[in-house]
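Reading through the structure tokens given below for one structure.
The values are calculated or read from the model by the stated rules, or taken from the named source; none is laboratory data. Worth saying up front: this structure is predicted, and the values here are computed from it rather than measured. As a convention, Cβ positions derive from the backbone with ideal geometry for all residues, glycine included, and neighbour counts pool all protein chains shown. What goes into the accessible areas is simple: the full protein's heavy atoms, side chains included, and nothing from ligands, DNA or RNA. Shrake-Rupley method; radii C 1.70, N 1.55, O 1.52, S 1.80 Å.
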Amino acid sequence: MIKCVLLDDELPMLGYLQALCRELEGIEVIKSYNNPLKFLDDVDKLDFNTCVLDINMPGINGLELANRLEGKAIIFSTAYKEYAAEAFDLDAVDYLRKPYQLERLEKAFGKVQAWLSNKNQVNAIYVELNTNLGKSRMNTNDIAYIAVAENDRRDKEIWFKDGQSFLAKNITFDDILERFPEGQFCKINRKTVIALHAVSYYTTQWVSCEIASSKNPIQFKLSEQYREHFMSLFLS
């Protein structure tokens, strides 16, 4: 799923872009902004992987803003072709000329999908664990959280972002954290380890993540003894 934020200081153009995005499958518009400074205030709270970003905006232009969106797929948009070279110097996935056209926007999102797939493949780390299904090889990028199994505390239930789960047999959290990518998973209470990339919201008391099988974010208690370590990893 492409989770997209839209930025354009011209409200009619922003509304038109929103309407076009609704015509395309696999595109979720997380939020739209006509004020780039407001977007900057909210950016750390948003769960998105893609940004359609107008270049000419007051306060801070799109080229400057893109430098603050490390790891996000950027589609620049503008009515002025002279910005194209500078946009691609910033490793933009694509560059759209206004007015927007549906077929051209769809092509740009196709490039985004390929970019995201390549990015995830490069960073993918697989581990093999004994599970209730036998030896299972899993991509740690797909994991949302791990919880102590209800029927046997020696087992751990591994939940994936797509809503599936495996039961890892006879393994401790310490063993799991040793095998998984360092700094990407964190114990937040005695019964739960969470993947930092799956965190949607957090406070000093609670941590939330989303999985496909749940309509609402799943909320976990952030225990005091694990709080400092969680904050140090999440904010690093």
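Would region 153-161 turn up any residue that is among the aliphatic types (A, V, I, L, M) and modelled with pLDDT under 95?
no
In region 198-224, how many residues are within 13 Å of ALA144 (Cβ to Cβ) and of a type outside the set (S, T, N, Q)?
10
For TYR16, are the conditions met, namely being modelled with pLDDT of 85 or more, open to solvent by less than 30 Å² (accessible area, probe 1.4 Å) and either aromatic (Phe, Trp, Tyr) or in contact with a strand residue (DSSP E or B) (Cβ under 8 Å, 6 or more places away or on another chain) (or both)?
no
In this structure, does LEU90 turn out to be farther than 16 Å from LYS107 by Cα, buried (at least 19 other Cβ atoms within 10 Å of the Cβ) and modelled with pLDDT under 90?
no
Need a quick list: strands (runs of 3 or more DSSP E) entirely within region 93-163 having at least 1 residues that are open to solvent by less than 30 Å² (accessible area, probe 1.4 Å) and among the small types (Gly, Ala, Ser).
So the answer is 134-139, 143-148.
Identify the residue in region 171-194 that is modelled with pLDDT under 95 and assigned to a loop (DSSP other than H, G, I, E, B) and, among all such residues, is most open to solvent (accessible area, probe 1.4 Å).
If we take residues in region 171-194 being modelled with pLDDT under 95 and assigned to a loop (DSSP other than H, G, I, E, B), then GLU182 is most open to solvent (accessible area, probe 1.4 Å).
Among the candidates ALA212, ALA168, single out the residue that is among the small types (Gly, Ala, Ser) and open to solvent by less than 10 Å² (accessible area, probe 1.4 Å).
Just one listed residue meets the conditions, ALA168.
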